[in-house]
Amino acid sequence: MESGTFGNNDLEEYLLKHSSTEDSVLYELNRYTHLTHLHPRMLSGSTQGKLLELICYMFNPSRVLEIGTYTGYSAICMAKGLKPDAELHTIEINDEVYDTAQRFFVKANLDKIIKQHQGDAFDIIPRIEGDFDLVLIDGDKRQYPDYLRVVLPRVRVGGIIIADNVLWGGKVLLQQPDDNYTKGVIDFNKLVAENDKLDKVILPLRDGLTIMRKKSE
């Protein structure tokens with residue numbers, strides 16, 4: 001096969017083969033989610049999960065906030081990179097996935113680090129005391145701009161904010177977005193780009209991942 005003629009599946013297989021493999025709990029959660037839950041593509045997956053874990057290892061945050069638990073894959077990945085005395089608050093509005101996430105938090109022996117919250121993030125975040133060193137935004141795409149407005153004052157200077165699905169299947173290129181989910185992501189990306197208090201980069205990983213560093217208040 002000539003150079004430049006490889007398909008996306010070939011490259012993805014190569015990336016997975018040359019990266020750390022999922023541990024047994026994450027593999028089981030990945031498989032269980034695909035077999036039993038709607039929209040299993042909402043699960044982070046091994047490549048993105050390993051990146052989140054390594055970011056936590058490198059940055060060493062003490063307090064982490066995640067908006068959008070789903071079945072708990074990304075929370076487990078991040079918690080694996082945290083010290084035992086750190087805490088990770090994760091919020092999910094869909095009560096149907098709560099038990100699955102909790103069961104796998106226990107199975108991963110991370111339930112003492114991960115604090116699980118069920119409900120609306122805008123109700124729950126004000127009830128969590130203190131600031132955050134790292135925030136992962138992966139909730140309702142329609143509310144992405146509002147998530148940023150709420151969490152930004154709660155992130156310490158030098159802290160990290162990560163947002164998932166910022167390419168939204170390529171629909172961010174639409175001149176006239178045809179649904180509120182796409183509009184939410186486009187508005188969020190514009191808000192981030194125009195904020196000179198944030199250092200930021202979009203990585204074309206899976207559906208797009210924005211990594212931001214808060215430079216100042």
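The values are calculated or read from the model by the stated rules, or taken from the named source; none is laboratory data. In this text the structure is predicted, and so the values were computed from the model without any measurement. Positions of Cβ are backbone-derived with ideal geometry, glycine not excepted, and every protein chain shown enters the neighbour counts. The area values use the complete protein model at the heavy-atom level, side chains included, leaving out ligands, DNA and RNA. Shrake-Rupley method; radii C 1.70, N 1.55, O 1.52, S 1.80 Å.
Annotations
- Test: residue in the range 1-20 that is farther than 28 Å from residue 142 by Cα and either open to solvent by less than 20 Å² (accessible area, probe 1.4 Å) or touching a residue at least 60 places away in the same chain (Cβ under 8 Å) (or both): no
- Per-region count, the range 49-62, residues part of a loop (DSSP other than H, G, I, E, B) and open to solvent by 10 Å² or more (accessible area, probe 1.4 Å): 2
- Residues satisfying the stated conditions in the range 94-124, i.e. in contact (Cβ under 8 Å) with a residue 60 or more places away in the chain and charged (D, E, K, R): 107
- The set of residues in the range 168-188 that are over 14 Å from residue 202 (Cβ atoms) and out of contact with any Phe, Trp or Tyr (no Cβ under 8 Å at 6 or more places or on another chain) comprises 169, 171, 174, 175, 176, 177, 178, 179, 180, 183.
- Residues of the range 63-90 that are open to solvent by 30 Å² or more (accessible area, probe 1.4 Å) and closer than 24 Å to residue 146 by Cα: 63, 87.
- Of the residues examined, residue 192 is not one that is part of a loop (DSSP other than H, G, I, E, B), at pLDDT 95 or above and in contact with a Ser or Thr (Cβ under 8 Å, 6 or more places away or on another chain).
- Test: residue in the range 54-71 that is touching a helix residue (DSSP H, G or I) at 6+ places or on another chain (Cβ under 7 Å) and on the phi > 0 side of the Ramachandran plot: yes
- Selection status of residue 202, touching a residue at least 12 places away in the same chain (Cβ under 8 Å), in a strand (DSSP E or B) and open to solvent by less than 50 Å² (accessible area, probe 1.4 Å): no
- For the range 28-37, residues that are farther than 13 Å from residue 72 by Cα and either touching an Asp or Glu at 6+ places or on another chain (Cβ under 9 Å) or of a type in the set (S, T, N, Q) (or both) total 1.
- Residues that are within 18 Å of the chain's Cα centre (by Cα) and part of a loop (DSSP other than H, G, I, E, B) do not occur anywhere in the range 171-186.
- For the range 72-93, a residue qualifies if it is in contact (Cβ under 8 Å) with a residue 60 or more places away in the chain and in contact with a Phe, Trp or Tyr (Cβ under 8 Å, 6 or more places away or on another chain), but none of them does.
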